[in-house]
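The values are calculated or read from the model by the stated rules, or taken from the named source; none is laboratory data. All figures in this text were calculated on a predicted structure; none of them were measured in a lab. When we count neighbours, we look across all protein chains shown, and the Cβ atoms used for this are built from the backbone with ideal geometry, even at glycine. Just the protein is used for accessible areas: all its heavy atoms, side chains included, with ligands, DNA and RNA removed. Shrake-Rupley method; radii C 1.70, N 1.55, O 1.52, S 1.80 Å.
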Amino acid sequence: MKRKTGRAFMASLIVLPVMALAEADDDTLIINEEIEIVTKAEAPAHLEGVVSEVISGWHFRSDETQALELDDFENPALVYTDQALDTWNAVEGSEGKSCASCHDDVETSMQGVRAVYPKWDEKAGEVQTLSMQINDCREANMGAEPYKYDSAPMAAMEALISLQSRGMPVDVAIDGPAAETWEQGKELYYTRTGQLELSCANCHEQNYGNMIRADHLSQGQINGFPTYRLKNAKLNTVHGRFKGCVRDTRAETYAAGSPEFVALELYVASRGNGLSVEAPAVRN
Amino acid sequence: MKHVLLTLAAVGFAGQAFATPPVPSEVEFDEYGAVEASLTGEPGDPARGAEVMVTRSLGNCVACHQVDDLSEAPFHGEVGPPLNGVGGYRTEAELRGIVIDAKMIFPETMMPGFYKTTGFIRPGDGYTGKAAKEEDLEPILTAQQVEDVVAYLMTLQD
């Protein structure tokens, strides 16, 4: 009996503060006064009944942080993509090749690439992330050492490639041969891990828009990755972020590049289908 | 193990012959998820309870709950309901049950169990991201801290 009244009372209390602060703001993101970024979109079909709108993490950041993304001269991430452009053209490894030897101009050859990753790779017989593909090229085509999965040079190269898709809609495939991996990722998204027993969905599906202590929870979208974070002043990879969030549930994390995080990345990416590629984004 | 010894020492110091607190898996909940018996047999200290509520490494309750009485501590969250007045409409036994393991009252709730050491998926060694063995897990709060928090919550009357 008591329980019922308690709950009803609680429900009435919950509604007010949530309504007041839950909204993602209504700002619009146009980069360099030229590239229009879709930061809110109708949710993809697979999210029917779960959320109606998908929203970029940009909307949950302060005006000051948001402003850093409006102009590439202000965006600290572009320093790293400049460095990666040098790497793109640099010969490395036993085959005497650079990325450019096979792919020429990054601006044309890499257009649209980021928007469809992670994706099924027929030859490898598995879903591959962009990082896995980069290392594949380094090892198989260049005879160069692979980058450590979530290292700085990897993040920079990924950011450079992502930049060429900025403004294009995220459109990862979840059917066909990718379906099994996608299901695995979905399972992980809803699994409550660690001593705090929290899932990704607890924070990013049920509570986006709410404050958790000093943090304004977003939907945990990855259309802006790699992101430059003011907190650690470097580019952050998707798997680096996943590790941090899982650790914060007092759980044992998965490793960057593990099959579990690859599956989770596919699933989380698909929750952003319809948003623009926004990478490299700026977050706090 | 360390935890049990410490608690024993504390009880001994207070000159009390009270039994050691139940281990988390042996706490007895009633059918509504309330816990009638104090975990320590001693009254909690509301001032220390307030400290636990705002301390990140302890309860960090304000991460999810707004508590006007604790407004000097910055940044109260909105994930759970505000706790103003909660001592007026919840019994002490209910509050104890909620703090120990809120899922006994609210099955799907996001609120973590603060005196709970079993049944986790991939439990970690604190916030290191490394694995912990279930048998090595300590509850997030000690039995006394739970009682302190409950005592503090009971002071929240409208």
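In the range A:104-120, is there at least one residue being out of contact with any Asp or Glu (no Cβ under 9 Å at 6 or more places or on another chain), more than 29 Å from A:K40 (Cα to Cα), open to solvent by 20 Å² or more (accessible area, probe 1.4 Å) and not in a helix (DSSP H, G or I)?
Scanning the range A:104-120 turns up at least one residue that is out of contact with any Asp or Glu (no Cβ under 9 Å at 6 or more places or on another chain), more than 29 Å from A:K40 (Cα to Cα), open to solvent by 20 Å² or more (accessible area, probe 1.4 Å) and not in a helix (DSSP H, G or I).
Does B:V62 satisfy the condition of being more than 10 Å from chain A (Cβ to nearest Cβ), farther than 16 Å from A:G194 by Cβ and part of a helix (DSSP H, G or I)?
Against the criterion (more than 10 Å from chain A (Cβ to nearest Cβ), farther than 16 Å from A:G194 by Cβ and part of a helix (DSSP H, G or I)), B:V62 does not qualify.
In the range B:77-94, what residues are over 11 Å from B:L156 (Cβ atoms) and open to solvent by 40 Å² or more (accessible area, probe 1.4 Å)?
From the range B:77-94, those over 11 Å from B:L156 (Cβ atoms) are B:77-81, B:91-94; that's our starting set.
Residues satisfying the conditions are B:T91, B:E92.
Among what's in the range B:132-152 and is surrounded by fewer than 20 Cβ atoms within 10 Å (Cβ to Cβ) and without any contact (Cβ under 8 Å) to a residue 40 or more places away in the chain, pick the residue that is nearest to the other protein chains (Cβ to nearest Cβ).
B:L137
For the range A:268-284, which positions are charged (D, E, K, R) and in contact with a Lys or Arg (Cβ under 9 Å, 6 or more places away or on another chain)?
A:E278, A:R283 - these are the residues of the range A:268-284 that are charged (D, E, K, R) and in contact with a Lys or Arg (Cβ under 9 Å, 6 or more places away or on another chain).
Considering the range A:194-212 alone, what residues qualify as being open to solvent by 20 Å² or more (accessible area, probe 1.4 Å) and either part of a strand (DSSP E or B) or in contact with a helix residue (DSSP H, G or I) (Cβ under 7 Å, 6 or more places away or on another chain) (or both)?
Result: A:L198, A:C200, A:M211, A:I212.
Can you tell me which of A:G224, A:G240 is open to solvent by less than 20 Å² (accessible area, probe 1.4 Å) and either out of contact with any His (no Cβ under 6 Å at 6 or more places or on another chain) or part of a helix (DSSP H, G or I) (or both)?
None of the others qualify; the one that does is A:G224.
Which residue out of B:G113, B:G87, B:G129 is modelled with pLDDT of 95 or more, over 17 Å from B:L39 (Cβ atoms), in contact with a helix residue (DSSP H, G or I) (Cβ under 7 Å, 6 or more places away or on another chain) and within 8 Å of chain A (Cβ to nearest Cβ)?
Unique residue meeting the criteria: B:G129.
Here is a yes/no grid of residues against (1) open to solvent by less than 40 Å² (accessible area, probe 1.4 Å); (2) acidic (D, E); (3) at pLDDT below 95; (4) not in a loop (DSSP other than H, G, I, E, B):
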residue	(1), (2), (3), (4)
A:I14	no, no, yes, yes
A:A20	no, no, yes, yes
A:A24	yes, no, yes, no
A:A41	yes, no, no, yes
A:V51	yes, no, no, no
A:Q66	yes, no, no, yes
A:F73	no, no, no, no
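Among the residues of the range B:95-102, is there at least one that is facing chain A (nearest Cβ under 9 Å) and out of contact with any Lys or Arg (no Cβ under 6 Å at 6 or more places or on another chain)?
no
Which number in (1) more than 10 Å from every other protein chain (Cβ to nearest Cβ); (2) in contact with a helix residue (DSSP H, G or I) (Cβ under 8 Å, 6 or more places away or on another chain); (3) within 25 Å of B:L137 (Cα to Cα) marks the one condition that B:S25 misses?
That leaves (2) as the condition not met.
Only one of these conditions is not met by B:D158: (1) modelled with pLDDT under 95; (2) not in a loop (DSSP other than H, G, I, E, B). Which number is it?
(2)
Tally up the residues in the range A:101-118 that are free of Cβ contacts under 8 Å to residues at least 40 places away in the same chain and within 18 Å of the chain's Cα centre (by Cα), please.
Residues in the range A:101-118 being free of Cβ contacts under 8 Å to residues at least 40 places away in the same chain and within 18 Å of the chain's Cα centre (by Cα): 0 in total.
Could you list, in sequence order, all residues of the range A:243-284 that are within 14 Å of another protein chain (Cβ to nearest Cβ), aliphatic (A, V, I, L, M) and either out of contact with any Asp or Glu (no Cβ under 7 Å at 6 or more places or on another chain) or open to solvent by less than 20 Å² (accessible area, probe 1.4 Å) (or both)?
A:V246, A:A251, A:A255, A:L264
Every residue in the range A:123-146 that is open to solvent by 30 Å² or more (accessible area, probe 1.4 Å) and free of Cβ contacts under 8 Å to residues at least 24 places away in the same chain, please.
Within the range A:123-146, A:K123, A:A124, A:G125, A:Q133, A:D136, A:E139, A:A140, A:P146 qualify.
Can you name the condition, by its number, that A:P177 falls short on among (1) over 15 Å from the mean Cα position of the chain (by Cα); (2) surrounded by fewer than 17 Cβ atoms within 10 Å (Cβ to Cβ); (3) not in a helix (DSSP H, G or I)?
With respect to (1) over 15 Å from the mean Cα position of the chain (by Cα); (2) surrounded by fewer than 17 Cβ atoms within 10 Å (Cβ to Cβ); (3) not in a helix (DSSP H, G or I), A:P177 is out only on (3).
Of the conditions (1) within 15 Å of the chain's Cα centre (by Cα); (2) within 18 Å of B:E78 (Cβ to Cβ); (3) facing chain B (nearest Cβ under 8 Å), A:N210 satisfies every one except a single condition; which number is it?
(1)
Of the residues A:L230, A:L235, which is surrounded by fewer than 18 Cβ atoms within 10 Å (Cβ to Cβ), more than 14 Å from every other protein chain (Cβ to nearest Cβ), in contact with a helix residue (DSSP H, G or I) (Cβ under 8 Å, 6 or more places away or on another chain) and touching a residue at least 60 places away in the same chain (Cβ under 8 Å)?
Going through A:L230, A:L235 in turn, the sole match is A:L230.
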